[in-house]
Amino acid sequence: MKLQNLINPELELKVKNNAVTFQEAQTEKGALREILVQGLPDNVFVFSTDKNIKVSTAKWEKRRNQLFNNENDKINKNCDGVIVHYDDSYLDIVLCELKSIRFEAIQYETQLVNTKLFIDSLVALFNQFYKEEKLLEIRNIRYVLFYVSKQRPLKIDEG
C-alpha cells in the first residue's frame, strides 16, 4: 500500500520521462497556463487537487470535498500540483501553484496551506490504518510559486 492509493486516481498527473506538466485554466491574456517540471527523481507520485475531472458525459468540474460547504472558498481552495517523492518511508513533498500576472499573497497562501493540511491528513490516515506498512514521515516540504513577472510578447524570428 502506498500513500497515493488513498487519493482519487482521477487526480493523478502522469509522469513521463521524469517530467510532469502542471496546467492552469487561465483566460487572461499573458497568463501562465502551463509549466513543465523536468528532472524529477524516480519514485514520485504527482497529483493535482485543482484538476477538473469528468462528472458526467458533458460536465467537468473540480473535485471538492463533499463534506465541506462548497460556498466556503477558504477551505475549498487547493494548489495546482503536488509532487510526492518516496525515499523508503520518508516523503519529500513539493506543493506547486501557478499564478497569473497580477496576484496577491492571500490568493496562493490559502491554497498552499490547505494542500499542506490535506497532505498531513493523508499521512495521518495512512499511518493509522496501514500499520502493517512502514510509518510514513514527511521529511521535507517545499512550496513553489510559478508566475509571470511581466508580460513577454512572443517574438518570431522571420530571418
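The values are calculated or read from the model by the stated rules, or taken from the named source; none is laboratory data. Everything quoted here is computed from the prediction, not taken from an experiment. All Cβ positions, glycine included, derive from the backbone under ideal geometry; neighbour counts span all protein chains shown. Calculation scope for accessible area: heavy atoms of the full protein, side chains included, ligands and nucleic acids excluded. Shrake-Rupley method; radii C 1.70, N 1.55, O 1.52, S 1.80 Å.
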Report summary line: By residue number, the members of segment 66-89 that are part of a loop (DSSP other than H, G, I, E, B), modelled with pLDDT of 70 or more and surrounded by fewer than 15 Cβ atoms within 10 Å (Cβ to Cβ) are 71, 88, 89
Report task. For segment 111-143, name all the residues that are β-branched (Val, Ile, Thr) and surrounded by fewer than 17 Cβ atoms within 10 Å (Cβ to Cβ). Result -> 113, 138, 141
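Given the criteria outside any helix (DSSP H, G or I), out of contact with any Pro (no Cβ under 7 Å at 6 or more places or on another chain) and either at pLDDT below 95 or open to solvent by 40 Å² or more (accessible area, probe 1.4 Å) (or both), does residue 92 qualify? Outline the logic, then answer.
Working: outside any helix (DSSP H, G or I): yes; out of contact with any Pro (no Cβ under 7 Å at 6 or more places or on another chain): yes; either at pLDDT below 95 or open to solvent by 40 Å² or more (accessible area, probe 1.4 Å) (or both): no.
The answer is no for residue 92.
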